[in-house]
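Taking it in order: structure first as structure tokens, then the write-up.
The values are calculated or read from the model by the stated rules, or taken from the named source; none is laboratory data. For clarity, every value in this text was computed on a predicted model and none was experimentally measured. Methodologically, a virtual Cβ is constructed for each residue, glycine included, from the backbone with ideal geometry; neighbour enumeration extends over all protein chains shown. With ligands, DNA and RNA removed, areas are computed over all heavy atoms of the protein, side chains included. Shrake-Rupley method; radii C 1.70, N 1.55, O 1.52, S 1.80 Å.
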Amino acid sequence: MGRRILNDALRSIVNAEKRGKATVELKPISNVISSFLKIMKDRGYIKDYQVYDPHRVGRITVELQGRVKDCKALTYRQDIKARDIENYRLRMLPTHQWGYVVVTTPDGVLDHEEAIKKNVGGQVLGYFL
């Protein structure tokens, strides 16, 4: 069920971007969604996000910037070694110039650049362009 929640949230962001909306509200929420959004914010793909009532069902309000072209969560979590991350990125991302693969590691949820820098592998959550 957790994988479905992440996928629904990311699809909501992409659909709101295509319609030209300034904000989108995500419900229900999880810690994985918050971590994914933090990476998107750090990389400049969204302006900001606010988490409301995280201990219950809660909701997240995301301020969009107009940069998200595509964003997908993998319904299957694929294990990946640190040395294979770059090859996976080249194989999975539709474009080679930009985009990030998000990996959950023992050090937390990281994008592919941070995972390569720290030399850690993990499970692939999804990607965004």
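Checking the conditions here, which among Arg89, Arg67 is at negative phi, outside any loop (DSSP other than H, G, I, E, B), touching a residue at least 12 places away in the same chain (Cβ under 8 Å) and of a type outside the set (Val, Ile, Thr)?
Only one candidate passes the filter, namely Arg89.
Within the range 32-42, can one find any residue that is farther than 16 Å from Leu6 by Cα and open to solvent by less than 60 Å² (accessible area, probe 1.4 Å)?
no
Any idea how many residues of the range 85-106 are open to solvent by 90 Å² or more (accessible area, probe 1.4 Å) and over 15 Å from Phe128 (Cα atoms)?
Number satisfying all stated conditions: 2.
Select from the range 56-84 the residues that are surrounded by fewer than 15 Cβ atoms within 10 Å (Cβ to Cβ), over 23 Å from Arg19 (Cβ atoms) and β-branched (Val, Ile, Thr) and list them in ascending order.
Val57, Thr75
Condition first: open to solvent by 30 Å² or more (accessible area, probe 1.4 Å) and either in contact with a Leu (Cβ under 7 Å, 6 or more places away or on another chain) or more than 17 Å from Leu74 (Cα to Cα) (or both). Now tell me which residues in the range 1-16 satisfy that.
Across the range 1-16, the qualifying residues are Ser12, Asn15.
Restricting attention to the range 1-56, which residues are more than 16 Å from the chain's Cα centre (by Cα), part of a loop (DSSP other than H, G, I, E, B) and over 24 Å from Val124 (Cβ atoms)?
If the condition is that a residue be more than 16 Å from the chain's Cα centre (by Cα), part of a loop (DSSP other than H, G, I, E, B) and over 24 Å from Val124 (Cβ atoms), then Gly20, Lys21, Ala22, Asp53, Pro54, His55, Arg56 are the ones that fit.
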